[in-house]
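What follows draws every value from the coordinates through simple rules; no lab data is involved. Just so you know, these numbers come straight off a predicted model, no measurement behind them. In this analysis, Cβ positions are derived from the backbone assuming ideal geometry, glycine residues included, and neighbour counts consider all displayed protein chains.
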Amino acid sequence: MIPLSWYLIFAALLFAVGLYGVMARRNSVGILMGIELMLNAVNVNLIAFWRYLYPDRLDGQVFVAVVLVAAAAEAVVGLALIISAYRRHKTVVADEMTLLKG
Amino acid sequence: MLDHWLYIGLFFFVAMLLPGAAIFIASILAPKKPNPIKSSPYECGIETVGESRIQFKAQYYIYALVFLIFEVEAVFLFPWAAAYNQLTLFMVVEGLIFVLILVGGLLYAWKKGALEWR
Amino acid sequence: MPNFWSDPVGFLIQWLTNLLTGLGLSPELVKFLLAFLGAALLPLMAMLFVVFLIWYERKLYARMQDRFGPNRLGPWGIFQTFADMGKIFTKEIITPAGVDLIPFNLAPILAVGAVLLVWAVMPLAPRIVGVDLSVGLIFVIAAGGFGELAIMLAGWGSNNKYALLGGFRAVALLLSYEVPMVIAMLIPAMLAGSLNLVEIVASQDVPYLLLAPVAALIFFITQVAESGRAPFDLVEAESELVAGYNTEYSGLKFGMFYVAEFLHAFTSSMLFVTLFLGGYRGPFANEFPLLGLVYLMVKTFIVYFVTILFRGALPRFRIDQMLDLNWKVLTPLILAMVFVTALVDKIVVQAGGPLLVRTIVLFVVNMLIFWFSSKLLQRNVRPPRRKVSVQRPLATANVTPSASQGQDNLSA
Amino acid sequence: MTPLQIVFLIVTVATLISAVMVVSARRMLHAALWLILSLLGIAVLFVTLETSFFAIVQVMVYVGAIAILIVFAVMLTRRDIQDRDKVTNRGAWAAALAALGVAGGLVGALTGWQAFASIRPELAADSAAEGTRIAQLGMALVSPDAYAIPFEVASVLLIGALIGAIYVAGERK
């Protein structure tokens, strides 16, 4: 049987990889992919906690479903923003979107 | 339950293996005589112009977006459907309100012209 | 030991287990081997079945076009497909310059694999099912996602404008039609109160075609569209897009897309039968599962026949028409059906109506909605094109050519 | 080692490798394909956690929809930096350090926790059947004394995302 720790360590590593992607990627679509990885790490944790610690309660599952909605909303709006920004500035590099700097 | 998934995993493996093996056998049987003209990208018989991986309009993205929203909605509705026989009328209505809110989104997209093919 | 006639698969499993453990293998290993055997047999049979399907469809399609179809090899040309197989296996597989190798080679495999996966959860007969998965219904949807992925990989990997354009269109189309398909699947799940395909079949004392005819119709249309057949074969509209996403594929790699298309059409007919026509159910099917298999096949072939009639009778839609049909007709209609079915069924059940009353009420309500929506459609449909009142003069040889007369003719 | 543990290790290693490829692949489309692979790996992990519903949902939503959306977005915004430029920005080293710090910190903090090494309990008899569990979830989502409010809020969030995205991405004349 797999102990809970394996899942938690895996999720922590996946989260770290996603975090690296978010911080280091230049392409904003790549940043979004990093965020997806992080959200998935969270989901693995939530399901693992549900299964190991509170198997008779539904909170964990509902939480995962809500994270799913958040991930979907984030992807939809984030990518729409990137496409819109690309159409105006012809770039998807996050560092080059300097609209707020003036 | 893990037995079920063992079966599905093996099934997935075989389902990928069968066409893969067929293609592998064919690639052994088939002749191989490549030449530059033959392996140039097809463009109605004339020479290839420009880069092949061209760019697309945003309309495709909008369809995918509406699809994604409805897919996530369906994910919530499937457990609701599975529990349908045990639900009271009030709970059924609550699930339908969930749908109704999203119908509003569909109507918005419609009115905004986002569903037109341009 | 189970009886062969009442539980053939159980009988075979028991027999093989006894045989293999008799040979001194450990029970775990035997279980694994049997699972592998089952997992290998079902897709293998499905693949071989395609050989027959291609012949059947070509023959039928030819009859609709007043031709004979394949008629040389063997009786009624039944071995034609084997000859074609022999040909396609020895065709050169061209890999064009600049392809993205992994997506390009993965796509045909994934296309077939995605369709085959559906067979893993399909109840073929009582007690004959690949795996009795509790989420079989959404497993089918998830497997369909791999098919879309395959098309996208093919379009991207090919390094060809037409392939990429075709792949994009195809994916946009498949995604769009997946919306009403998924929502139509909700209705059988709701009526059965389960996501398990086996339970959905088992609960169909009345075929759900009678309880939800509109949903069945919509599901049928979306399935035809998902399998990319005419009239929805924009996926490879050869008049516009050369051949769509599989332009650059040759030899057996193209053949795999071909196989995937035929298998998908058949599999989706089977899914339709499972969800709406009671699957394997029929008289004495429960006592003799093999009879159930026969019922399933007969029903599936009837539905498949109808899809071929569709293919033979209707011209291809334009892409804007297809997307309009999906987003402006099918999706609102199926959402309305979910509403009405959920509410009416709950009210009737809470009022204590028996199955017969439920069936009649739901059927009548469905028909009313269908009638109402068709009236609505007729009102909003584009008016028929105005006829040109004056007949155009035909070009005749004896008319003296003069500039003014020519202009008169044109303006008339 | 039980077979399940071996499967777990193979899948996690594959998932992590593809996750690393997601953040380091030069071409965005390849990154998207690696993302699909790692999402599939997570679906397998959900299977090992005995929730086929969420495994399937993972494939359906992430692979079938979000990944395809990302691929569409990649294709709509290409021509840009895919092949020629650097993949990472100037702060990549700092980012790598931060990521390592987070991973180390999380694992370090978790090892001190008493439930860290807990063993999986058996499921209660009534919820052992997956079908019942899904029905319970569906019931809880709409029953007023459970999660009815989050359920409706989720739909409001979805419609908000839909309207916002259409407004932002729609082509203006």
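The figures follow:
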quantity: Modelled label reach - D:Glu122, point 7 Å along Cα→Cβ, segment D:17-60 residues with backbone N closer than 19 Å; calculated: D:49-51
quantity: Peptides ranked, highest mean first, by Cβ atoms within 10 Å: ranges B:80-93, B:63-76; calculated: B:63-76, B:80-93
quantity: Once exposed loop GluC sites (Glu not before Pro) are cut out (DSSP; at most 16 other Cβ, 10 Å), longest piece of chain D; calculated: D:1-121
quantity: Partner chain coverage, peptide C:358-370 - average Cβ within 10 angstrom; calculated: 0
quantity: Only Lys, Arg (+1) and Asp, Glu (-1) charged, at Cβ; segment A:4-101 dipole about Cα centre in debye; calculated: 380 debye
quantity: Global geometry of the protein assembly as shown, whether rounded, prolate or oblate, following the gyration tensor of its Cα atoms and the 1.5 cut on a/c; calculated: rounded
quantity: Computed [θ] at 222 nm, deg cm²/dmol, chain A (DSSP H ≥ 4; -39,500 (n - 2.57); rounded to nearest 500); calculated: -27000 deg cm²/dmol
quantity: Rg(Cα) / (2.2 N^0.38 Å) computed for chain C, rounded to two decimals; calculated: 1.18
quantity: Spatially proximal lysines relative to B:Lys32 (Cα-Cα < 20 Å; intrachain offsets below 8 disregarded); calculated: C:Lys87, C:Lys91, C:Lys253
quantity: Under Karplus coefficients 6.51, -1.76 and 1.60, residue-wise ³J(HN,Hα) of segment C:186-196 in Hz, glycine/proline x; calculated: 4, 5, x, 4, 5, 5, 8, x, 7, 9, 8
quantity: Average beta-carbon neighbours from other chains, 10 Å sphere, peptide D:17-24; calculated: 6
quantity: Global form of chain D, assessed from the alpha-carbon gyration tensor, a/c cut-off 1.5; calculated: oblate
quantity: Subset of C:Lys59/C:Lys387; B:Lys111/C:Lys375; C:Lys59/C:Lys161 violating a 30 Å alpha-carbon distance limit; calculated: C:Lys59/C:Lys387; C:Lys59/C:Lys161
quantity: For segment A:40-83, alpha-carbon Rg over 2.2 N^0.38 Å; calculated: 1.42
quantity: FRET efficiency, 1/(1 + (r/R0)^6) with R0 25 Å, evaluated for A:Lys90 and D:Asn89 via beta carbons; calculated: 0.85
quantity: Average other protein chain Cβ within 10 Å of Cβ, residues C:248-260; calculated: 3
quantity: Label point distance in nm, D:Ala115-C:Arg72, each placed 7 Å from Cα along Cα→Cβ; calculated: 7.2 nm
quantity: Residue (of A:Ala24, A:Ala12, A:Asn45) at the positive-pole extreme of segment A:4-101, dipole from beta-carbon charges; calculated: A:Ala24
quantity: Ordering of C:132-144, D:26-38, B:1-13 by packing [mean C-beta count within 10 Å, highest first]; calculated: C:132-144, D:26-38, B:1-13
quantity: GNM flexibility winner over chain D from D:Ala25, D:Ala146, D:Ala67 (Cα, springs under 10 Å); calculated: D:Ala146
quantity: Only Lys, Arg (+1) and Asp, Glu (-1) charged, at Cβ; the protein assembly as shown dipole about Cα centre in debye; calculated: 2440 debye
quantity: C:Ile347 paired with D:Arg27, simple spin-label distance in nm, labels 7 Å along Cα-to-beta-carbon; calculated: 5.8 nm
quantity: Extension gain, C:Asp132 back to C:Glu287 (0.36 nm per residue minus Cα-Cα distance, nm); calculated: 53.9 nm
quantity: Helix-derived mean residue ellipticity, 222 nm - over chain C, DSSP H n ≥ 4, -39500 (n - 2.57), to 500; calculated: -22500 deg cm²/dmol
quantity: Prolate/oblate/rounded label for segment C:39-134 (Cα gyration tensor, a/c 1.5); calculated: oblate
quantity: Segment C:207-313, dipole about Cα centre (Lys/Arg Cβ +1, Asp/Glu Cβ -1), debye to the nearest 20; calculated: 400 debye
quantity: Extension gain from B:Gln86 to B:Lys33, taking 0.36 nm per residue of separation minus the Cα-Cα distance; calculated: 12.5 nm
quantity: Segment B:94-103 - phi-based ³J(HN,Hα) in whole Hz, Karplus 6.51/-1.76/1.60, Gly and Pro as x; calculated: 4, x, 6, 4, 4, 5, 4, 4, 6, 4
quantity: Per principal axis, descending, Cα span of segment D:130-173 in whole Å; calculated: 52, 23, 7
quantity: Segment C:Asn3-C:Arg316, length gained on full extension (0.36 nm per residue, minus Cα span); calculated: 107.6 nm
quantity: Approximate spin-label separation C:Phe372-D:Val107, in nm, with each point projected 7 Å along Cα-to-Cβ; calculated: 6.1 nm
quantity: Choice from A:Val67, A:Val44, A:Val76 showing the highest fluctuation, given a GNM over chain A with Cα pairs closer than 10 Å; calculated: A:Val76
quantity: Highest to lowest packing among C:28-40, C:324-336, scored as the average C-beta count within 10 Å; calculated: C:324-336, C:28-40
quantity: Cα extents of segment D:1-80 along the three principal axes, largest first (Å); calculated: 49, 25, 10
quantity: GNM top mover of D:Ala161, D:Ala73, D:Ala55 - chain D, alpha-carbon springs below 10 Å; calculated: D:Ala161
quantity: Base-10 log of normalised Debye intensity for chain A (one unit scatterer per alpha-carbon) at q = 0.22 Å⁻¹; calculated: -1.10
